[in-house]
Amino acid sequence: MTKEVEVAEHHSGKDYHDPPPAPLIDAAELTKWSFYRALIAEFVATLLFLYVTVLTVIGYKSTTDPDLDADQCGGVGILGIAWAFGGMIFILVYCTAGISGGHINPAVTFGLFLARKVSLIRAIMYMVAQCLGAICGVGLVKAFQSAYYDRYGGGANTLADGYSKGTGLGAEIIGTFVLVYTVFSATDPKRNARDSHVPVLAPLPIGFAVFMVHLATIPITGTGINPARSFGAAVIYNDAKAWDDHWLFWVGPFLGAAAAAFYHQFVLRAAAAKALGSFRSNA
């Protein structure tokens, strides 16, 4: 009889486990080495991300400079830039996911904070580490290739001529929504349990999301979808044009991340309905 009850409970229960919500403020994290190790991982990952990608952008612009009379078919092209961003995210998320979660983006951190995946303290400190890493990464690019860096805009995100601020903001919102929605879906314990027979690494769809968004929005904003990436390039380049519409690269990604968190948690995972059902059952 006991075995029958155990079998019934097993079949009626969920085949996945949702981790408990992170506390809003977890001061105990500040006393743990694992927390500071995660901050270091986010800093180094964002530094490497900006170093490789900004170098790629500058290299592309140098091959398309008419004054240099270079072979314009010999560079990476826009497709290569998109691959550089998407490929680096794939690599770095794969390397750091087990240490810090592999955010490498304040918008991703913000979305996960809204979904109660990380505490407020961790979210703020991650964003600081990411921005500092981005500044240092772009700083290395300028140190090694100062002439090319200044000549080709330092890889800074700017709104392209002919596009309105509304179009640029929309591109950043939708692009970040795609990225953060992919992050939630790729790391969803329910999806992982149901699709455990499909051997797909979470960093792979996340990297592809970055790649696809870059293909669509490079001609509009140069593709931000990562406030740290835009901030680091703007700080080191420090030109008026880089700061003119810089707010787009913070407001857009944060709105997109918030929308993705709401959609995944409250629509797809029906968090609001579950909470209401629990309230009614306890009433």
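The values are calculated or read from the model by the stated rules, or taken from the named source; none is laboratory data. None of these values were measured; they are calculated from a predicted model. Cβ atoms come from the backbone with ideal geometry, glycine included; neighbour counts cover every protein chain shown. Just the protein is used for accessible areas: all its heavy atoms, side chains included, with ligands, DNA and RNA removed. Shrake-Rupley method; radii C 1.70, N 1.55, O 1.52, S 1.80 Å.
Tabulated data
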| item | result |
| --- | --- |
| Qualifying residue in region 264-280 (condition: touching a Gly at 6+ places or on another chain (Cβ under 9 Å), part of a helix (DSSP H, G or I) and at pLDDT 95 or above) | no |
| Considering residues of region 114-130 that are among the charged types (D, E, K, R) and either touching a Cys at 6+ places or on another chain (Cβ under 9 Å) or open to solvent by 70 Å² or more (accessible area, probe 1.4 Å) (or both) only, the residue nearest to A45 (Cα to Cα) | K117 |
| Extreme residue, nearest to P227 (Cα to Cα), among residues of region 131-143 that are touching a residue at least 40 places away in the same chain (Cβ under 8 Å) and surrounded by fewer than 22 Cβ atoms within 10 Å (Cβ to Cβ) | C131 |
| Residue among A147, A202 that is more than 19 Å from D245 (Cα to Cα), touching a Ser or Thr at 6+ places or on another chain (Cβ under 8 Å), among the hydrophobic types (A, V, I, L, M, F, W, C) and surrounded by fewer than 22 Cβ atoms within 10 Å (Cβ to Cβ) | A202 |
| Region 242-267: number of residues that are among the aromatic types (F, W, Y) and open to solvent by less than 10 Å² (accessible area, probe 1.4 Å) | 1 |
| Matching residues, region 150-184, being of a type in the set (A, V, I, L, M) and open to solvent by less than 60 Å² (accessible area, probe 1.4 Å) | A156, L159, A160, L169, A171, I173, V178, L179, V180, V183 |
| Residues of region 21-59 that turn out to be touching a Lys or Arg at 6+ places or on another chain (Cβ under 9 Å) and modelled with pLDDT under 95, as a count | 7 |
| Number of the exception - S230 against (1) under 11 Å from N157 (Cα atoms); (2) without any contact (Cβ under 8 Å) to a residue 40 or more places away in the chain | (2) |
| Those helices (runs of 4 or more DSSP H) lying entirely in region 27-119 with at least 1 residues basic (K, R) | 33-63 |
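One line per residue, one yes/no per condition, for (1) small (G, A, S); (2) in a helix (DSSP H, G or I); (3) modelled with pLDDT of 95 or more; (4) on the phi > 0 side of the Ramachandran plot:
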site	(1), (2), (3), (4)
I124	no, yes, yes, no
Y149	no, yes, no, no
G162	yes, no, no, yes
E172	no, yes, yes, no
Y181	no, yes, yes, no
N192	no, yes, no, no
F208	no, yes, yes, no
V213	no, yes, yes, no
T217	no, yes, yes, no
